[in-house]
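Okay, so here's the structure we're looking at.
The values are calculated or read from the model by the stated rules, or taken from the named source; none is laboratory data. Source: prediction; values computed, not measured. Every residue, glycine among them, receives a Cβ derived from its backbone with ideal geometry; neighbour counts consider all protein chains shown.
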């Protein structure tokens, strides 16, 4: 029997007009300290983005969302935050922000297969 692996996840949200508190989900971040696992996946639907009548440019937001992926992967081009260890990167990425890109509070879970669980959560919460 496979061992259950503890993880935390947070939903990445786009909040085009923070004053209206409207948002839609654009990504997922998952982390497991014991497994040394961190993963981010983004899906920014351009049609949905345009419906929010944001003054922000789509390409600019996409670039900022891609930085989440680079930080999670620990890419040197993503700066000093990306050089932190995995738990610190997760905590930085999920810290409360007042920008148009925010995350939900982290949620705990357990799974035998982190990749499968990640994909299931991504489908349910983002797509």
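Exactly one residue out of 42, 12, 38 is free of Cβ contacts under 8 Å to residues at least 40 places away in the same chain and closer than 14 Å to residue 118 by Cα, and it is 42. In the range 73-98, the residue that is surrounded by the most Cβ atoms within 10 Å (Cβ to Cβ) out of those that are touching a residue at least 12 places away in the same chain (Cβ under 8 Å) and in a loop (DSSP other than H, G, I, E, B) is 94. Scanning the range 99-118 for residues that are more than 15 Å from residue 67 (Cα to Cα) and surrounded by 15 or more Cβ atoms within 10 Å (Cβ to Cβ) returns 104, 106, 109, 111, 114, 117, 118.
With the structure loaded, tell me whether residue 69 is within 20 Å of residue 15 (Cα to Cα), at pLDDT 95 or above and assigned to a helix (DSSP H, G or I) or whether it fails that test.
Numbers: within 20 Å of residue 15 (Cα to Cα): yes; at pLDDT 95 or above: yes; assigned to a helix (DSSP H, G or I): yes.
When the stated conditions are applied, residue 69 passes them.
Only one of the listed residues (63, 97) is over 21 Å from residue 48 (Cα atoms) and out of contact with any strand residue (DSSP E or B) (no Cβ under 6 Å at 6 or more places or on another chain). That residue is 97.
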